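The values are calculated or read from the model by the stated rules, or taken from the named source; none is laboratory data. The structure displayed is predicted, hence computed values, not measured ones. Here the Cβ positions follow ideal geometry from the backbone for every residue, glycine too, while neighbour counts run over all protein chains shown. Please note that ligands, DNA and RNA were not included when accessible areas were found on the heavy atoms of the full protein model with its side chains. Shrake-Rupley method; radii C 1.70, N 1.55, O 1.52, S 1.80 Å.
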Amino acid sequence: MTAAPVDHSGSLVPVDLTRAELWHGVVELEDLGADGVRPWRLPVSDPRYDIGITHAGTPSGVRLAFTTGAGRLELALELTEESPDPVDVVIDGAHAHRLDVRSPMSVALPGVPSTVEVWLPMYGASAVRRLALDAPVAPVAAKPVRWITHGSSITMCHQADGPWTTWPARVARSLDVELLNLGFGGQCLIDIPVARLIRDLPTDLISVCLGINVHGNLSHNRRSFLPAVLGFLETIRDGHPDTPLVVISPIAAKEARESGENKLGVTLTQLRDDVHDATDRIRRATGDDQLHLVDGRTVLGPDDLGLLVDDVHPGEDGNALIAERLAPVLAAQLRTVERSSR
């Protein structure tokens with residue numbers, strides 16, 4: 001039976017943005033009162049997580065999801081940059097609208113019961129000031145399989161064309177999993193509070209991309225980096241001893257970054273080797289067969305450097321390639337868990 005269209009003669013009604021069940025990809029919501037709601041990807045109310053990760057308030061991978069019979073949607077965001085990323089609106093699993101957030105955002109919806117996802121910008125916005133529709137909304141349940149991915153700006157994906165086409169979003173669709181993106185541009189520094197958060201959150205699959213920000217931010221030398229990675233991974237394991245944990249070393253970069261020493265005398269190649277070494281040491285010491293290493297150069301390698309929009313960041317085609325290569329690797333780990341649980 002075809003659903004009857006909704007009467008849209010009434011005015012738009014604001015959605016209560018404090019309804020946590022409408023939000024996906026969020027760790028904590030901050031109620032800003034008349035200024036809306038800010039989604040955080042760290043538990044901002046806990047002072048132990050106030051460690052300078054400013055991009056925790058940038059909604060990469062964050063989306064509002066609901067069912068509605070509405071025929072019109074309006075959205076207003078708090079912008080933080082002159083060139084913010086767009087919003088993507090997905091209807092019944094298909095990309096429907098890409099919105100320039102610097103303009104008034106008002107789009108048509110089908111007017112019959114549909115599932116709508118509003119994917120917020122990866123960069124350049126901090127809060128949803130207003131979401132209004134001309135029909136009620138009902139929450140969409142989270143997917144039963146959850147995936148947490150942590151990394152740098154290469155995981156936050158500012159350089160993709162929109163939030164629907166970042167590599168984490170592409171992989172999540174391919175695997176049909178619930179995504180929590182803990183990519184923090186410039187701030188993936190092997191922070192133990194982040195490892196504790198991943199340790200404490202429910203999840204079925206974890207991936208971490210480690211090393212590139214350490215090279216650029218001088219946060220570790222060769223002496224401190226290896227034990228930091230060991231402690232980071234083992235902290236996660238304290239809460240998820242049997243969950244597939246995929247460790248991804250840095251993707252390929254231009255030769256100046258690969259072999260050029262930073263001010264601490266460390267090269268990106270050396271840090272990649274240390275990520276490999278740390279993962280191997282844990283596996284040998286503990287027999288952890290759910291800890292997996294992915295050499296980042298197999299995800300985006302030296303022959304793919306033309307897909308970088310600068311010396312470091314993949315653009316739209318680079319995001320598509322990363323997803324194409326990484327999705328089967330992550331899917332294989334989920335299948336291993338499914339087989340062992342039978």
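Okay, here's what the table says:
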{"quantity": "Given (1) within 30 Å of residue 199 (Cβ to Cβ); (2) at pLDDT below 95, index of the condition residue 125 fails", "calculated": "(2)"}
{"quantity": "Conditions (1) surrounded by 18 or more Cβ atoms within 10 Å (Cβ to Cβ); (2) closer than 17 Å to residue 330 by Cα: number failed by residue 275", "calculated": "(2)"}
{"quantity": "Residue in the stretch 211-228 that is touching a helix residue (DSSP H, G or I) at 6+ places or on another chain (Cβ under 6 Å) and closer than 20 Å to residue 330 by Cβ present", "calculated": "yes"}
{"quantity": "In the stretch 114-127, the residues that are of a type in the set (A, V, I, L, M) and farther than 14 Å from residue 88 by Cα", "calculated": "127"}
{"quantity": "Qualifying residue in the stretch 166-179 (condition: of a type in the set (Ser, Thr, Tyr), within 24 Å of residue 14 (Cα to Cα) and out of contact with any Cys (no Cβ under 8 Å at 6 or more places or on another chain))", "calculated": "no"}
{"quantity": "Test result for residue 121, open to solvent by 40 Å² or more (accessible area, probe 1.4 Å) and in a loop (DSSP other than H, G, I, E, B)", "calculated": "no"}
{"quantity": "Residue in the stretch 214-232 that is small (Gly, Ala, Ser), within 26 Å of residue 120 (Cα to Cα) and in contact (Cβ under 8 Å) with a residue 12 or more places away in the chain present", "calculated": "no"}
{"quantity": "Output for the stretch 14-60, where each listed residue is part of a loop (DSSP other than H, G, I, E, B) and among the β-branched types (Val, Ile, Thr)", "calculated": "15, 18, 26, 27, 44, 51, 53, 58"}
{"quantity": "Helices (runs of 4 or more DSSP H) wholly inside the stretch 192-241 that include at least 1 residues being surrounded by fewer than 19 Cβ atoms within 10 Å (Cβ to Cβ), at pLDDT 95 or above and among the aliphatic types (A, V, I, L, M)", "calculated": "192-200, 222-239"}
{"quantity": "Test result for residue 27, crowded, with 16+ Cβ neighbours inside 10 Å and closer than 30 Å to residue 196 by Cα", "calculated": "yes"}
{"quantity": "Residue match in the stretch 167-177 (condition: open to solvent by 10 Å² or more (accessible area, probe 1.4 Å), within 24 Å of residue 37 (Cα to Cα) and touching a residue at least 40 places away in the same chain (Cβ under 8 Å))", "calculated": "no"}
{"quantity": "Meets criteria (in a helix (DSSP H, G or I), surrounded by 15 or more Cβ atoms within 10 Å (Cβ to Cβ) and not aromatic (Phe, Trp, Tyr)) for residue 285", "calculated": "no"}
{"quantity": "Residues located in the stretch 90-116, provided they are open to solvent by less than 40 Å² (accessible area, probe 1.4 Å) and either farther than 17 Å from residue 79 by Cα or in a loop (DSSP other than H, G, I, E, B) (or both)", "calculated": "90, 91, 101, 107, 109, 111, 114, 116"}
{"quantity": "Residue list for the stretch 127-166, restricted to those being of a type outside the set (A, V, I, L, M, F, W, C), part of a loop (DSSP other than H, G, I, E, B) and either open to solvent by 10 Å² or more (accessible area, probe 1.4 Å) or farther than 22 Å from residue 214 by Cα (or both)", "calculated": "134, 136, 143, 144, 158, 159, 161, 162, 166"}
{"quantity": "Evaluation of residue 295 against (1) open to solvent by 30 Å² or more (accessible area, probe 1.4 Å); (2) over 20 Å from residue 149 (Cβ atoms) (one fails), failing number", "calculated": "(2)"}
{"quantity": "Qualifying position, being among the small types (Gly, Ala, Ser), within 22 Å of the chain's Cα centre (by Cα), open to solvent by 20 Å² or more (accessible area, probe 1.4 Å) and on the phi < 0 side of the Ramachandran plot, among 323, 332", "calculated": "332"}
{"quantity": "Residue in the stretch 251-267 that is within 22 Å of residue 327 (Cβ to Cβ) and free of Cβ contacts under 8 Å to residues at least 12 places away in the same chain present", "calculated": "no"}
{"quantity": "Hits in the stretch 65-89 (condition: surrounded by fewer than 20 Cβ atoms within 10 Å (Cβ to Cβ) and either closer than 18 Å to residue 15 by Cβ or in contact with an Asp or Glu (Cβ under 6 Å, 6 or more places away or on another chain) (or both))", "calculated": "67, 71, 72, 74, 76, 78"}
{"quantity": "Residue 263 vs. criteria over 25 Å from residue 300 (Cα atoms), open to solvent by 50 Å² or more (accessible area, probe 1.4 Å) and not small (Gly, Ala, Ser)", "calculated": "yes"}
